[in-house]
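Student: Let me give you the structure first, and then I'll get to my questions.
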Amino acid sequence: MSRGTPDFDAYLRTIAQFTDDELIPAEPDMVAAGQVPDGLVQRMAELGLFGISIPPSYGGLGWSMEQQVLLTLEFTRASCVYRSRFSTVIGLCSQAIFDHGTEQQRREMLPEMAAGRRVTSFALTEPEAGSDATNVQTTAKRTGDGWVLDGSKRYITNAHWADTLLVFARTDDAEVSAFLVDRTVPGVSTRIPDLMNGHAEGPVGEIDLNSVAVAENRLLGGVPGTGLAAAMRGINHARLHVAATCVGQATRMLEETTRHVLNRHQFGAPLAELGVVQAQLGRCYSEMEAGRALSLDAARSFDAGTVPRHRISAAKLYCSEMVGRVADQCVQLLGGEGIVGPHPVPRMWRDVRTLRIYEGASAIHERNLGRAMTRSVAAEGVLPDSYRVR
Ligand SMILES: Cc1cc2nc3c(=O)[nH]c(=O)nc-3n(C[C@H](O)[C@H](O)[C@H](O)COP(=O)(O)OP(=O)(O)OC[C@H]3O[C@@H](n4cnc5c(N)ncnc54)[C@H](O)[C@@H]3O)c2cc1C
């Protein structure tokens, strides 16, 4: 279904209204409770948010990538912690399962995931495998009728309440494979850190795997060695969602801050009347719009066929750096209120800091883009994912 058809426009309006009427007003309660309230998770499931990327044939809404970006721009005007509650389902895990799972695995997992009844976590990162995600140390040893997994994972979103973990482990042939592991099976334990500096209401989890027996039919795709390809499929999807998240967060912070400078009087007039304040707001607005255009353009390229991984990388890099600059400027314009008291902007300032670290730290995107550029120009004379007509 393309943008502009009645069904999608109605759904987009529903999600915008849900954001304004339910998600944003519930932020103080979420902060006080230290977690996303169960009732809101239930509402997200009822509205189909766990299934926006999953095809209708597997119970999801099957929106295009452009539509997923447009939806993300709306629901991430609220705290980005809400999004993290279903992000591991819509981006990372469902795409890996859809593209790399067996038909039996798709049928078993995707409808439950789309309905919000099966939360999945994407368990790739380890103490020795962070930016160098290929350095996975968790092992999967073949037994008579399956596999035994040993190792530990850290910084895993939703790990502590996930139903199923998509665990990346090195199989006997030293290749990385992916396994669907139920969180409650013997040998799996999870815990959350004592302190989160940002994203506090959606803590990441650590996972220990001690001699965890996994059946043969839980190896993703049924073939060892395809784990990194599956991981990258999920990651490329999720990176574009993160780019859009940065734009949604910047939009909210700029709306909040613009309201503040309209109402805050100093030197006998609203701060908004100062030329320097107008210039600061204007610069932030243009950066936010650049990020929005970049995210939507990458999404349209995605929908056109092949995954435009360099454009996605550029969008993720730019948007996550952009939202950091915008957040810092907004805190500055709030003055003391940016540090003291319950204003939402300082909370969002802390939350968005992580967006420059996960789904590839900024330095990794810069390095990967630079390498791709030199390779592509040396081989073909043009930049990677080039718009040039040839
Ligand atoms: C809130 C949050 C949620 C997360 N959710 C998940 C999840 O659901 N699943 C999952 O598997 N992982 C998840 N992660 C992990 C995340 O992907 C890693 O934190 C990230 O890849 C960076 O790895 P690291 O923390 O080990 O940092 P390191 O790899 O130690 O890197 C630290 C810094 O070193 C620099 N650096 C590293 N390598 C290079 C290089 N080659 N060139 C230049 N500079 C470099 C960069 O500045 C980088 O930021 C999450 C992390 C956070 C914070």
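Student: Against the condition surrounded by 17 or more Cβ atoms within 10 Å (Cβ to Cβ), assigned by TED's automatic domain parsing to the domain that holds Thr245 and out of contact with any His (no Cβ under 9 Å at 6 or more places or on another chain), how does His310 come out, does it pass?
Tutor: Answer is yes for this residue.
Student: Scan the range 179-218 residue by residue and report those that are surrounded by fewer than 19 Cβ atoms within 10 Å (Cβ to Cβ) and assigned to a loop (DSSP other than H, G, I, E, B).
Tutor: Of everything in the range 179-218, those that are surrounded by fewer than 19 Cβ atoms within 10 Å (Cβ to Cβ) and assigned to a loop (DSSP other than H, G, I, E, B) turn out to be Thr184, Val185, Pro186, Gly187, Ile192, Pro193, Asp194, Leu195, Met196, Asn197, Gly198, Ala200.
Student: List every residue pair whose Cβ atoms sit under 6 Å apart, with the two residues 6 or more apart in sequence or on different chains, where the first one lies in the range 134-154 and is under 14 Å from Leu124 (Cβ atoms) and the second, anywhere, is within 16 Å of the ligand (Cβ to nearest atom) and of a type in the set (Asp, Glu).
Tutor: Asn135/Glu128; Gln137/Glu126; Gln137/Glu128; Ser152/Asp208; Lys153/Glu126; Arg154/Glu206
Student: Would you check if there is a residue in the range 120-133 being within 16 Å of Thr164 (Cβ to Cβ), open to solvent by 40 Å² or more (accessible area, probe 1.4 Å) and either in a strand (DSSP E or B) or more than 12 Å from the ligand (Cβ to nearest atom) (or both)?
Tutor: No: the range 120-133 contains no residue that is within 16 Å of Thr164 (Cβ to Cβ), open to solvent by 40 Å² or more (accessible area, probe 1.4 Å) and either in a strand (DSSP E or B) or more than 12 Å from the ligand (Cβ to nearest atom) (or both).
Student: Where in the range 38-99 are the helices (runs of 4 or more DSSP H), entirely inside, with at least 3 residues that are more than 21 Å from Ala10 (Cα to Cα) and open to solvent by less than 30 Å² (accessible area, probe 1.4 Å)?
Tutor: Because the criterion is at least 3 residues that are more than 21 Å from Ala10 (Cα to Cα) and open to solvent by less than 30 Å² (accessible area, probe 1.4 Å), the helices (runs of 4 or more DSSP H) in the range 38-99 that meet it are 80-87.
Student: On to the next question. Kindly provide the set of residues from the range 358-390 that are among the hydrophobic types (A, V, I, L, M, F, W, C), within 16 Å of the ligand (Cβ to nearest atom) and surrounded by fewer than 13 Cβ atoms within 10 Å (Cβ to Cβ), ordered by number.
Tutor: Ala363
Student: Quick check on this structure: which one of Asp351, Asp328 is within 27 Å of Glu27 (Cα to Cα) and within 16 Å of the ligand (Cβ to nearest atom)?
Tutor: Asp351
Student: Also, quick follow-up: Identify all residues within the range 4-37 that are open to solvent by less than 20 Å² (accessible area, probe 1.4 Å) and either modelled with pLDDT under 95 or more than 18 Å from Leu71 (Cα to Cα) (or both); write none if there are none.
Tutor: Ala26, Glu27, Met30, Val36, listed by residue number.
Student: Condition test on Glu112, is it in contact with a helix residue (DSSP H, G or I) (Cβ under 9 Å, 6 or more places away or on another chain), in a helix (DSSP H, G or I) and open to solvent by 10 Å² or more (accessible area, probe 1.4 Å)?
Tutor: So Glu112 fails the test.
Student: Of the residues Val204, Val188, Val176, only one is more than 15 Å from Leu124 (Cβ to Cβ) and either in contact (Cβ under 8 Å) with a residue 12 or more places away in the chain or touching a helix residue (DSSP H, G or I) at 6+ places or on another chain (Cβ under 8 Å) (or both); which?
Tutor: Val188
Student: Considering only the range 134-160, how many residues are within 16 Å of the ligand (Cβ to nearest atom), more than 24 Å from Ser84 (Cα to Cα) and open to solvent by less than 40 Å² (accessible area, probe 1.4 Å)?
Tutor: Matching residues across the range 134-160 total 3.
The values are calculated or read from the model by the stated rules, or taken from the named source; none is laboratory data. Note that the structure is a prediction, hence the values are computed from the model and not measured. Glycine gets a Cβ as well: all are built from the backbone with ideal geometry, and neighbour counts include every protein chain shown. For the accessible areas, the whole protein counts, side chains as well, though only heavy atoms, and no ligand, DNA or RNA atoms are used. Shrake-Rupley method; radii C 1.70, N 1.55, O 1.52, S 1.80 Å.
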